[in-house]
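The values are calculated or read from the model by the stated rules, or taken from the named source; none is laboratory data. Because the structure is predicted, anything quoted here is derived from the model rather than measured. Glycine also receives a Cβ, built like all others from the backbone with ideal geometry; neighbour counts cover every protein chain displayed. We work out accessible area using only protein heavy atoms, side chains counted, and drop any ligands, DNA or RNA first. Shrake-Rupley method; radii C 1.70, N 1.55, O 1.52, S 1.80 Å.
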Amino acid sequence: IWEDIRSGKADADSFVLSCFLVISFTDLKKFNFYYWFAFPAIVLDPPATLVDLRSASKWFTPEEAESVSTCCNEWRKSSLTADVPFFLVSISSNSHATIRPLKDFEACQREGHKFLEKARYYGGRWNIKKVQFLCYRENHGFADLDLSLVGEALIQQSQAWQDQEHVPNAVGWELNKGKRVPRRINLSTTMDPTRMAISAADLNLKLMRWRALPSLDLNMLSGTKCLLLGAGTLGCQVARMLMAWGVRKITLVDSGKVAMSNPLRQSLYTLEDCLDGGDLKALAAVKSLKRIFPAVEAEGVVMAIPMPGHPVPSQEEQNVLDDCRRLHDLVDSHDAVFLLTDTRESRWLPTLLCANANKVSLTSRVKIQLNGTPNPYKLRPSK
């Protein structure tokens with residue numbers, strides 16, 4: 001910029017005075033975009049002294065103000081001046097204002113007109129000691145002299161400006177909350193598929209609440225920890241329905257493996273889960289839930305639920321006791337427990353643990369109609 005000022009290039013093309021810099025960095029893994037702008041400005045040393053600063057409407061006479069507004073509006077509409085950010089306002093003795101390019105500065109001095117510059121001052125080029133400047137502002141695309149300012153400043157010449165090798169200091173790095181650090185934009189909600197899925201699910205839940213149940217506490221649901229005992233037909237369907245209603249923390253407990261007959265009636269499994277002896281149901285169900293909704297916090301626990309009336313060999317006693325303790329800890333660490341196993345015996349111990357810990361427990365049943373069409377799964381509190 002200083003070189004363009006000294007060489008006179010800025011006189012013919014004032015656009016070079018408006019150059020800016022930007023440092024940017026894109027973190028594609030987290031969809032964060034960092035940027036830092038600089039709008040360089042030459043620092044006067046010693047600094048200029050502001051003598052006067054007033055509204056332009058009070059600086060000019062009424063005739064001058066009207067003429068300045070007219071010529072500024074004409075200048076702005078001209079296609080030839082669309083990329084010219086700085087100019088001179090020349091006012092003749094009969095109060096007629098004219099917009100002129102910066103290169104006419106010396107001509108204005110010779111003609112003896114009153115003039116102001118709408119530009120960055122560079123005394124090193126013209127060696128002047130006093131300058132009048134216009135801070136031009138618009139309102140709805142037209143010149144507004146009430147918003148515009150006119151000021152006068154005194155410039156003390158520096159001997160260093162005469163040195164061809166001298167380059168003055170500059171400022172212009174944009175501050176972020178008062179600090180010299182870059183800004184950041186997080187576009188994960190519009191670019192990250194997981195975040196987009198979360199946003200879409202949240203919107204759907206809000207619509208459901210608005211239409212069906214205004215008192216529904218979505219934040220409470222998203223923070224509720226649900227324990228599903230059984231990952232069969234009921235477990236798969238309940239897990240999906242819980243996700244649909246905004247539950248995000250789900251733990252599935254099952255000790256079985258996916259059989260060939262399971263995918264037809266258990267919605268979280270496919271044929272691939274049945275191959276090579278079958279995958280463990282608890283783990284396969286969690287993998288499927290995360291494919292459906294990546295934001296779900298699902299965990300699979302492979303364990304058998306101890307049942308009364310089932311004999312336990314002596315060598316298995318410790319394992320059964322460990323399962324009892326583990327089941328106790330799972331019930332204690334969750335808010336709601338769903339009893340979705342096949343038999344009453346498997347629901348007996350979890351029911352006792354839930355009652356002891358004062359946890360909400362729900363069991364389910366499937367009622368088959370005479371025509372063979374199953375009703376929707378009905379959930380009811382267990383006694």
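Within the range 284-306, can you find the residues that are in contact (Cβ under 8 Å) with a residue 24 or more places away in the chain and open to solvent by 60 Å² or more (accessible area, probe 1.4 Å)?
Across the range 284-306, the qualifying residues are Ile292, Pro294, Glu297, Glu299.
What pairs come up if the first residue lies in the range 312-340 and is free of Cβ contacts under 8 Å to residues at least 24 places away in the same chain and more than 22 Å from Leu242 (Cβ to Cβ), the second is assigned to a helix (DSSP H, G or I) and open to solvent by less than 90 Å² (accessible area, probe 1.4 Å), and their beta carbons are under 7 Å apart, counting only those six or more places apart or on different chains?
Pairs that qualify, where the first residue is free of Cβ contacts under 8 Å to residues at least 24 places away in the same chain and more than 22 Å from Leu242 (Cβ to Cβ) and the partner is assigned to a helix (DSSP H, G or I) and open to solvent by less than 90 Å² (accessible area, probe 1.4 Å), are Val312/Val320.
Among the residues of the range 51-68, count how many are open to solvent by 40 Å² or more (accessible area, probe 1.4 Å), of a type outside the set (D, E, K, R) and in a strand (DSSP E or B).
2
Looking at Ala107, Ala82 in this structure, which one is of a type in the set (A, V, I, L, M, F, W, C), at pLDDT below 90, out of contact with any strand residue (DSSP E or B) (no Cβ under 7 Å at 6 or more places or on another chain) and open to solvent by less than 30 Å² (accessible area, probe 1.4 Å)? Spell out the reasoning first.
Details: Ala82 fails: open to solvent by less than 30 Å² (accessible area, probe 1.4 Å).
One residue alone meets the criteria, Ala107.
Quick one: which residue in Lys249, Lys281 is open to solvent by 30 Å² or more (accessible area, probe 1.4 Å) and basic (Lys, Arg)?
Values: Lys281 fails: open to solvent by 30 Å² or more (accessible area, probe 1.4 Å).
The conditions single out Lys249.
Restricting the range 333-359 to residues that are in a loop (DSSP other than H, G, I, E, B) and more than 17 Å from Asp254 (Cβ to Cβ), which is farthest from the chain's Cα centre (by Cα)? I'd like the intermediate steps shown before the answer.
Kept after step one, since they are in a loop (DSSP other than H, G, I, E, B), are these residues of the range 333-359: 333-335, 340-343, 358-359.
Next, from what is left, pick out any that are more than 17 Å from Asp254 (Cβ to Cβ): 333, 335, 358-359.
Values: Ser333: 33, Asp335: 32, Asn358: 41, Lys359: 38 Å.
Ranking the qualifying residues of the range 333-359, first place goes to Asn358.
Would it be correct to say that Pro313 is open to solvent by less than 80 Å² (accessible area, probe 1.4 Å) and in contact with a helix residue (DSSP H, G or I) (Cβ under 7 Å, 6 or more places away or on another chain)? If you could, list the steps in order and put the result at the bottom.
Working: open to solvent by less than 80 Å² (accessible area, probe 1.4 Å): yes; in contact with a helix residue (DSSP H, G or I) (Cβ under 7 Å, 6 or more places away or on another chain): no.
Spelling it out, it is not the case that Pro313 is open to solvent by less than 80 Å² (accessible area, probe 1.4 Å) and in contact with a helix residue (DSSP H, G or I) (Cβ under 7 Å, 6 or more places away or on another chain).
For the list (1) among the hydroxyl-bearing types (Ser, Thr, Tyr); (2) surrounded by fewer than 16 Cβ atoms within 10 Å (Cβ to Cβ); (3) at pLDDT below 90, I need the number of the one condition that Ser95 fails.
Answer for Ser95: the failing condition is (2).
Within the range 70-94, can you find the residues that are within 17 Å of Asp11 (Cα to Cα), of a type in the set (A, V, I, L, M) and in contact (Cβ under 8 Å) with a residue 24 or more places away in the chain? Let's see the steps before the verdict.
Applying the first criterion (within 17 Å of Asp11 (Cα to Cα)) to the range 70-94 yields 80-90.
Checking the rest, the ones that are also of a type in the set (A, V, I, L, M) come to 80, 82, 84, 88-89.
The answer is Val84, Leu88, Val89.
Being in contact (Cβ under 8 Å) with a residue 24 or more places away in the chain, in contact with a His (Cβ under 6 Å, 6 or more places away or on another chain), surrounded by 15 or more Cβ atoms within 10 Å (Cβ to Cβ) and closer than 27 Å to Ser364 by Cβ, is that true of even one residue in the range 179-202?
No, that holds for no residue.
Between a first residue in the range 251-268 that is closer than 12 Å to Ala231 by Cβ and hydrophobic (A, V, I, L, M, F, W, C) and a second residue that is open to solvent by 30 Å² or more (accessible area, probe 1.4 Å) and in a loop (DSSP other than H, G, I, E, B), which pairs have beta carbons less than 7 Å apart while being 6 or more apart in sequence or on different chains?
Qualifying pairs under 7 Å: Val258/Asp279.
Quick one: is Met303 within 44 Å of the chain's Cα centre (by Cα) and at pLDDT below 95?
Against the criterion (within 44 Å of the chain's Cα centre (by Cα) and at pLDDT below 95), Met303 qualifies.
Hey, could you check the range 34-50 for residues that are assigned to a strand (DSSP E or B) and open to solvent by 50 Å² or more (accessible area, probe 1.4 Å) and say which is farthest from Glu138 (Cα to Cα)?
The first filter runs over the range 34-50 and keeps only residues assigned to a strand (DSSP E or B), leaving 34-42, 49-50.
Okay, now just the ones that are also open to solvent by 50 Å² or more (accessible area, probe 1.4 Å), so 34-37, 39, 42, 49-50.
Values: Tyr34: 32, Tyr35: 29, Trp36: 27, Phe37: 24, Phe39: 21, Ile42: 25, Thr49: 26, Leu50: 23 Å.
The selected residue is Tyr34.
I need every pair where a residue in the range 213-238 that is closer than 16 Å to Asp335 by Cα has its Cβ under 6 Å from the Cβ of a residue that is open to solvent by 40 Å² or more (accessible area, probe 1.4 Å), sequence separation at least 6 or different chains.
Thr224/Asp335; Lys225/Lys249; Lys225/Asp335
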